[in-house]
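Just so it is clear, none of the values below were taken in a lab; they were calculated from the coordinates. Here the structure is a predicted model, which means the values were calculated and not measured. Every residue, glycine as well, gets a Cβ built from its backbone with ideal geometry; the counts of neighbours run over all protein chains shown.
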Amino acid sequence: MIIAIPFWQGRVSPVFDVAGQVLLVEWNDAGERSRREEVLAEELPDRRAAQLAEWGVTTLICCAVSQPLENLLAAHKIQVIPQVCGEVEEVLQAFRAGTLESERFAMPGCCRRRRGRGRGRCRRGGRQF
């Protein structure tokens, strides 16, 4: 399993679509096997999704991602866990421990935790965010 987390200054980047770098962490049942940082050189959504697929990414943990890019990632069989914020190391630890759904990692103002697992998009004023 290879997890990708876009980051900036040690925290999960606010928007994956424009993130400049990503941390790739590979692990198996025995624990972490390796980690490396990669530059996200591709800006076009289809190329960005393909770049992650070429690196063997199976899961993307991010704060925000556009729907078109999320659809492209899904087409590459990459699971997306959106609306996550916080320090990268703490997010990784929570993911490993199965506690990433904690309010602690919820994007401020986000109601995803109340709606259970999945995108859990918030509705305000009839618009979807």
Theoretical FRET efficiency, 1/(1+(r/R0)^6), r = Cβ-Cβ of Glu54 and Glu103, R0 25 Å, to 0.05: 0.10
Compute the length gained on full extension between Val15 and Arg96: take 0.36 nm times their separation in residues and subtract their Cα-Cα distance, giving the result in nm to one decimal. 26.9 nm
Relative contact order of the stretch 12-76, please, whole-number percent, based on alpha carbon pairs below 8 angstrom and at least 6 residues apart. 38 percent
